[in-house]
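The values are calculated or read from the model by the stated rules, or taken from the named source; none is laboratory data. Nothing here was measured: the structure is a model prediction, and the numbers come from that model. Because the Cβ atoms are built from the backbone with ideal geometry, glycine has one as well, and the counts that use them run over all protein chains shown. Accessible surface areas use protein heavy atoms only, side chains included; no ligands, DNA or RNA. Shrake-Rupley method; radii C 1.70, N 1.55, O 1.52, S 1.80 Å.
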Amino acid sequence: MLVVDFGAQYAQLIARRVREANVYSEIVPHTWTPAQMLERNPAAIILSGGPSSVYATGAPFVDPELFAAGVPVLGICYGFQAMAQALGGDVAQTGLREFGGTEVEVCAAGVLLAGTPERQTAWMSHGDAVHRAPDGFEVLATSSGSPVAAFEDRARRLYGVQWHPEVRHSAHGQEVLERFLYDGAGLSPDWTPGNVIADQVAAIRAQVGDARAICGLSGGVDSAVAAALVQRAIGDQLTCVFVDHGLLRAGEAEQVERDFVDATGVHLMVVDARERFLTALAGISDPEQKRKIIGREFIRVFEAAARDLVAQAGEDGADVRFLVQGTLYPDVVESGGGEGAANIKSHHNVGGLPEDLEFELVEPLRTLFKDEVRAVGLELGVPEEIVWRQPFPGPGLGIRIVGEVTADRLDVLRAADAIAREELTRAGLDRDIWQCPVVLLADVRSVGVQGDGRTYGHPVVLRPVSSEDAMTADWTRVPYDVLATISTRITNEVAEVNRVVLDVTSKPPGTIEWE
Ligand code: XMP
């Protein structure tokens, strides 16, 4: 089924929730015409919420043609209003905003709200409201700010809710989505992330043919699962390249060799590119510039590795034409890949690619969320130590040093990071925490006292976060005694650091990484 993205990050969440209901979903931009959408032969369509008012100039609208095609449609929030407007209902600017948990009163359960209570808390976020449902629709619910908070036209299989059923704060949200999918649209809950494997294996074989591919292995779950998937498709035509860019954490390179290569038997080439990256990053403090440089250097190293492979294989060797990347759905969206979404930061494997790229990309995880990638990894037999690793960004410690990246600063950060990781693991918190970046504020100094002497050192920031998919996150309430141990150990064992601070910002407004 298709989720039509009206420009808010809610579209991601809707797609996830639909997949949690075991129905495969993909996101498409609202700028597509009904004909383009229908060409995909969707079994159902959901219109997402969005930041606009239907009254704003240039606000995206829905072509009524979409509703005449006989495909079941659910409109959510903005999508609900746009549906009402397109079909002749009234949407009014009441000036009465509803935001956050709101009580909704069900007047007729219909198909959509069947089995849910008469009064329920629903997550709202809107200024305009539907005042009159279009002809043929039954009103299912109201709230104080929404005379029509849900409606449906069972004959045409068109449904809508003003609230956000995809948000956990909507008490019966998932049920509402499932009622639409199973009863409203007649879909069967038979999709699992594992289903992706067979399709992707076929697609990769078709794309790569007899050519060869290389895959940048970072040690993280995404590239490992991408590599395992591609290896299943093309076997020895794949070589994995592990680039030691000097921005890795302690023990990282060893772990890749030990855990991944031993388990999968994949061809591995290790490239020591520490000097190259440090030289390229010299004098650079701007985060976007760092990301672009790291992305560019990665590709240059891969290109050189590919040339080496071709040279080694001699004249009979097939060309290395493909580069496998573990790009995930959130990476694509946050790099501005979802039309209408803002470019927050250039993830090194999406927005940071140089224009003169010599490779064609193979990105078998491009439509998956992290938890789905983990499920695919387990099914492919990737070892649990890798599947459950916390995320670590491709640009590595380079984007965890606020300021210029130098070899000395990397050593300091590596030491502090190793302590934090060790203590969090010792406390048994690894699965409760999504990840805990440790950030060195290299351009900040503060006065301290140690052993009766004055110190003038740098702070490090602990950024423990909890998240479902990195799109949103909350700071993790790590027990004080664990924080105290980390702080004491870092300030004792890492001479340049005399202060440890805790980042208590959620995402939004902060991103997970500092840069
Ligand atoms: P932000 O900082 O955008 O991070 O909230 C979201 C998630 O993505 C990871 N991250 C990256 N991963 N390349 C990656 O492979 C990147 O350039 C990159 N930037 C951020 C980050 O660690 C978090 O899990």
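Condition test on residue 389, is it open to solvent by less than 20 Å² (accessible area, probe 1.4 Å) and within 13 Å of the ligand (Cβ to nearest atom)?
For residue 389, the condition - open to solvent by less than 20 Å² (accessible area, probe 1.4 Å) and within 13 Å of the ligand (Cβ to nearest atom) - is not met.
Kindly provide the set of residues from the range 337-375 that are modelled with pLDDT of 90 or more and β-branched (Val, Ile, Thr), ordered by number.
Selection gives 362, 373.
Need pairs with beta-carbon distance below 9 Å; first residue within 10 Å of the ligand (Cβ to nearest atom) and within the range 217-230, second aromatic (Phe, Trp, Tyr); sequence gap 6+ or separate chains.
Sorted first by the residue in the range 217-230, then by its partner, the pairs are 218/242; 218/392; 220/392.
Looking only at residues that are surrounded by 20 or more Cβ atoms within 10 Å (Cβ to Cβ) and within 16 Å of the ligand (Cβ to nearest atom) in the range 459-469, which one is farthest from residue 431 (Cα to Cα)?
462
Any residue at all in the range 486-504 that is outside any helix (DSSP H, G or I), free of Cβ contacts under 8 Å to residues at least 24 places away in the same chain and within 15 Å of the ligand (Cβ to nearest atom)?
no
With the requirement that a residue be open to solvent by less than 30 Å² (accessible area, probe 1.4 Å) and either β-branched (Val, Ile, Thr) or away from the ligand (no atom under 16 Å from the Cβ) (or both), what does the range 419-453 give you?
419, 423, 429, 433, 438, 439, 441, 442, 446, 448, 453
For residues that are in a loop (DSSP other than H, G, I, E, B) and over 24 Å from the mean Cα position of the chain (by Cα), tally how many sit in the range 424-443.
So the count comes out to 4.
Taking the options 379, 358, 372, name whichever one is in contact with a Gly (Cβ under 6 Å, 6 or more places away or on another chain), open to solvent by 10 Å² or more (accessible area, probe 1.4 Å) and either in a helix (DSSP H, G or I) or away from the ligand (no atom under 16 Å from the Cβ) (or both).
Of the residues listed, the single one that is in contact with a Gly (Cβ under 6 Å, 6 or more places away or on another chain), open to solvent by 10 Å² or more (accessible area, probe 1.4 Å) and either in a helix (DSSP H, G or I) or away from the ligand (no atom under 16 Å from the Cβ) (or both) is 379.
Residues are listed down the side, and each one gets a yes or a no for (1) assigned to a strand (DSSP E or B); (2) of a type in the set (A, V, I, L, M, F, W, C); (3) open to solvent by 10 Å² or more (accessible area, probe 1.4 Å); (4) at pLDDT below 95:
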{"residue": "114", "(1), (2), (3), (4)": "no, yes, yes, no"}
{"residue": "117", "(1), (2), (3), (4)": "no, no, yes, no"}
{"residue": "127", "(1), (2), (3), (4)": "yes, no, yes, yes"}
{"residue": "136", "(1), (2), (3), (4)": "no, no, yes, no"}
{"residue": "141", "(1), (2), (3), (4)": "yes, yes, no, no"}
{"residue": "152", "(1), (2), (3), (4)": "yes, no, no, no"}
